[in-house]
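Readers should treat all values here as calculations from the given coordinates under stated rules, not as data from a laboratory. Quantities reported herein were computed from a predicted structural model and do not represent experimental measurements. Cβ coordinates were reconstructed from backbone atoms using ideal geometry, including for glycine residues, and neighbour counts include every protein chain displayed.
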Amino acid sequence: MPSPRTHASDPDTSRPVYPRRHTYAETSKTPLHILLFLLPMLVLYELGSVIYLTDPTAGHVQIIEAQGMLAGFFRAFGAAGLHLPAIALVVVLLVQHVLARHRNTVRWRVLPLMAAESGATALPLLLMAMLLASTPLAEFVLANFTLASISQSDQLATLSWQARATIALGAGLYEELLFRMILIEAVHLIAADLFRIGERRSRIAAVVVSAIAFAAYHDLAAPGGGIDAATAAFMLIAGIYFGLLYLWRGFGIVVGAHAVYDLIVLVAISPAATAPATSPV
């Protein structure tokens with residue numbers, strides 16, 4: 001007599017749970033494909049930070065502020081090392097993959113589509129920067145609308161294009177890890193489980209809080225003092241946009257969009273992009 005677990009109306013719940021539809025939209029949001037999509041960016045940033053963002057004479061490394069904040073969190077628990085945030089990101093995605101019980105099969109054609117979508121979703125922010133620009137686009141965007149925040153105050157335009165490209169990749173990875181994956185999920189957890197304000201309102205609150213924190217994290221100071229209204233507005237809009245993109249399309253696409261935007265700003269339209277590269281910092 002067959003076991004009740006094999007009956008058609010009573011499926012075996014011990015089997016791995018697979019996505020019902022293997023569409024690009026669903027597959028690109030799975031942890032395994034996100035990890036494979038982000039892995040080249042992680043490797044390039046970690047290598048670039050050693051090669052192009054390290055000053056051997058001064059003995060310091062120019063890092064993304066968000067990466068420094070995450071490294072500081074690890075130091076608080078007795079662990080040290082600038083590469084720990086990268087290791088933590090890989091471990092988190094692997095754990096998510098195991099817990100989700102998705103297939104281990106990789107759909108390789110999804111990865112270039114994720115890259116193309118990242119480029120497409122970066123364009124609205126670039127258009128917004130152009131609408132807010134009151135001076136020539138390249139100078140204005142580089143000075144005001146760069147989404148990367150670094151630990152030293154050196155002008156980004158003085159760095160080599162390789163260094164600026166490295167910073168762009170790091171900003172996409174670690175700022176999205178901090179403000180979207182960590183902060184949005186933390187605020188949502190508190191709002192939904194502690195205050196019980198409802199799923200939809202919790203998500204909205206999480207996006208708004210993360211956007212405000214993202215804007216405050218950047219330099220909003222105006223040249224003459226006070227806060228630059230255009231820059232503050234753009235950073236807030238960017239934070240909301242990235243938050244919604246994270247909820248809608250997942251962590252991989254939001255990281256890609258952030259990195260592509262900063263690559264365009266820091267490398268393609270930077271005033272220094274056509275000048276001879278300076279020495280690596």
Exercise. Pop a pseudo-label 7 angstrom from the Cα along the beta-carbon direction at both Ile51 and Glu199 and give the gap in nm to one decimal.
Key: 4.6
Self-check item: Residues Met130 and Val267, FRET efficiency given R0 of 25 Å [Cβ-Cβ distance, rounded to 0.05]
Solution: 0.90
Quiz item: In whole Hz, what ³J(HN,Hα) sequence does the range 94-103 give by Karplus (6.51, -1.76, 1.60; θ = phi - 60°), x for Gly and Pro?
Solution: 5, 5, 4, 4, 5, 5, 6, 6, 7, 5
Quiz prompt | Per-peptide average of other Cβ atoms within 10 Å, ordering 206-213, 46-53 highest first | solution = 206-213, 46-53
